[in-house]
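Comments concern the structure below.
We did not get these values from a lab; they are worked out from the coordinates using the rules stated. Since this is a predicted model, take the numbers as computed values, not measurements. A quick note on method: Cβ atoms are made from the backbone with ideal geometry, for glycine too, and the neighbour counts reach across all protein chains shown.
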Amino acid sequence: MNNKDTIVSIATPMGTGAISVIRCSGDAVRDIINEFFKKNLSPRKSHYLNFMKDEQILDDVIAIYYEAPKSYTGEDMLEIMCHGGPVMYQLIIDEVLKVETCRLAQAGEFSERSFLNNKMSLQKAESVCALINAKTKTAALAARESMSGRMTEDLLKVDEMLLKIRIQVEALLDFSEEDIETEGIKLISKNIDSCKKEISKIISKLEENRLLFETSKVAIIGKPNSGKSSLINYLTDDEVSIVNEEAGTTRDVVSKVFNLNGIPVTVYDTAGIRDTSDIVEKKGKEKALKQAARSNIVLYLFDLNKGIDQDDKNIIQKIKKVNPNILLVANKIDLVNEDFLEASTKKGEDILFVSMKDKINTLGLKDSIVDLLKISVRNSSPGLYNIKNLKYLNKAHLDINDIECSIEELELTAEKLKAAQKNISKVLDNEDDERVLSGIFSNFCIGK
Ligand SMILES: Nc1nc2c(ncn2[C@@H]2O[C@H](COP(=O)(O)OP(=O)(O)OP(=O)(O)O)[C@@H](O)[C@H]2O)c(=O)[nH]1
Ligand SMILES: [Mg+2]
């Protein structure tokens, strides 16, 4: 990406609409204004104007000029609101692109320039990206909250705490009286503990946000007739999959995105797994197992009335090799008598008991899915959001996690605290490597 270029793009969704907004950013903005409006525009005011191509009016538009540095990107910017519809905005963009140094913007390039010109922090950029891509109301609100800089405040608090503890350690290194030493060590240990807790809180908040900002994948696997399609229909509150008493009804992977307690989730219903010579069913079985590997978590469903048999155990073993995040769900508890159910629940195995038919414990199942998703996020490598933050926060946590605070270890403690503080300042810092940056900004939409 070349920052000397002036970037141009549509900022509203492509297609037909009442109006379309075209955005330009860079040094050539004034040339664009001169070329097509033939007059100067006072900054931050809306102007009703004709967009001229030579002597011909292409459209009557509203134009707003933002003078650098008071703009989203920090550069000269122009927003042109023309009549909606793909033909008009394309005509205007084509004309603007003829101006020297103008080119089409890449996804996220406006925000990237904003970041590079110190108009927003990396964390804010990530939050903007998360807000644009939010799939649920909870996700949008969480993104807005992180945009407000709440996390920066929390991080500054940790930074301050670390500094305070480092000063306490240094002071103690200069003292040799025993009473003072014992009290001092106590105080430092206590403060390190609260600091650890504070860092853990921020980490788990970021992990929670990942669940909100990235659509998780949940695969439903099991033998034929265990109730997998009934489960996807319940979760999505829709008839996405055919439910039938015949075993082998679902032969392909059927999926739908839905809102699970505020978390965006894609759930996959799959073909029942059994030994078969039917070619289509075989293919379905292969796809089901592939889906188990590709998903964040697997719900393994079985019919409690039939119990778990060797076939189930073999499938579970197979899945565990490719995906350890598996939740065993015993369905059809309405078909067994109370004594049997009680005995089954008392076996102490990690199994969730439900009835898709009578909707027993279905809310508990939703909660368990969320809990397992949280664990899967914790154990997976950082995804799209907070990549940098999680990396350095985890490092900072590690730095102080194993501190054994004692007089003998005081020098080492000082070093570890210093390292932790360095890692915290890296989170607060805007500097980062290009890979992380392009990873974030390329996930923005065009025009943002
Ligand atoms: N009694 C009872 N029947 C259930 C329950 N859940 C599902 N069923 C019935 O079990 C049968 C199979 O349900 P499906 O949801 O189609 O099962 P499936 O696992 O998708 O089956 P395949 O697609 O063949 O692999 C249907 O007749 C459902 O009505 C339950 O909790 N209790
Ligand atoms: Mg089915």
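So for F441, F258, fewest C-beta neighbours within 10 Å to most, what's the order? Show your work: numbers first, answer last.
Details: F441 24, F258 20.
Exposure proxy ranking, most exposed first: F258, F441.
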Amide H of I326: which non-local residues (sequence gap of 5 or more, or other chain) have their own amide H closer than 5 Å, using H built in the peptide plane?
-> V298
Label the range 213-376 by shape, choosing from rounded, prolate and oblate, from the square roots a ≥ b ≥ c of the eigenvalues of the Cα gyration tensor; if a/c is under 1.5 it is rounded, and otherwise prolate applies when a/b is larger than b/c, oblate when it is not.
-> rounded
Taking every DSSP beta bridge that has both residues in the chain, what percent is antiparallel when rounded to the nearest 5?
-> 60
Among E198, E349, which comes first, then next, by fewest other beta-carbon atoms within 10 Å?
-> E349, E198
Using only the alpha-carbon atoms of the chain, report the extent along each of the three principal axes, biggest first, to the nearest angstrom.
-> 86, 78, 33
Interchain or long-range residues, amide H under 5 Å from F353's placed H | A330
Between E415 and S148, how many nm apart are label points set 7 Å from Cα along the C-beta direction?
-> 4.3
Please arrange C405, C195 by counting, for each residue, the other beta carbons lying within 10 Å of its beta carbon, fewest first.
-> C405, C195
Candidates E281, E67, E181, ranked by Gaussian network fluctuation over the chain, Cα under 10 Å, top entry | E181
Mind listing the long-range amide H neighbours of L58? Cut-off is under 5 Å, sequence gap 5 or more, other chains count too, H placed in the peptide plane at 1.01 Å from N.
-> F51, M52, K53
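If you wrap a convex hull around the alpha carbons of the range 77-144, what volume per residue comes out, as a whole number of Å³? Could you put the intermediate results ahead of the total?
On the way: hull volume 8.5 nm³, N = 68.
So the per-residue Cα hull volume is 125 Å³.
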Using 0.36 nm per residue, how much length does the chain from D237 to R378 gain when fully extended, once their Cα-Cα distance is taken away?
-> 47.9 nm
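Tell me the mean residue ellipticity at 222 nm calculated for the chain from its helices only (DSSP H runs of n ≥ 4, each -39500 (n - 2.57), averaged over every residue, nearest 500). List each step's numbers first, then the result.
Working: 15 runs with 219 residues, N = 448.
Calculated at 222 nm, the ellipticity per residue is -16000 deg cm²/dmol.
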Return the Cα extents of the range 291-339 along principal axes one, two and three, sorted largest first, each rounded to a whole Å.
-> 36, 20, 15
Taking the Cα-to-Cβ direction at V280 and at L97 and moving 7 Å from each Cα, how far apart do the two end points lie in nm?
-> 4.6
Between the range 120-165 and the range 1-53, how many Å separate their Cα centres?
-> 31
Label points 7 Å out from Cα along the Cβ direction at Q90 and S406: separation in nm?
-> 7.5
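Which FRET efficiency value, to the nearest 0.05, do you get for K395 and E67 by plugging their Cβ-Cβ distance into 1/(1 + (r/R0)^6) with R0 = 30 Å? Walk me through the numbers before you get to the answer.
On the way: r = 41 Å, r/R0 = 1.38.
Calculated value: 0.10.
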Report the one residue of L341, V240, L304 whose Cα lies farthest in the direction of the positive end of the charge dipole of the chain (charges on C-beta: Lys and Arg +1, Asp and Glu -1; origin at the Cα centre).
-> V240
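Step through the table entries K201/K374; K223/K347; K135/K366; K196/K217, compare each Cα-Cα distance with 20 Å, and write down the pairs that go over it.
Values: K201/K374 14 Å; K223/K347 22 Å; K135/K366 18 Å; K196/K217 31 Å.
From K201/K374; K223/K347; K135/K366; K196/K217, over 20 Å: K223/K347; K196/K217.
How big is the dipole moment of the chain about its Cα centre under a simple scheme where the beta carbon of each Lys and Arg is +1, that of each Asp and Glu is -1, and everything else is neutral? Debye, nearest 20, please.
1160
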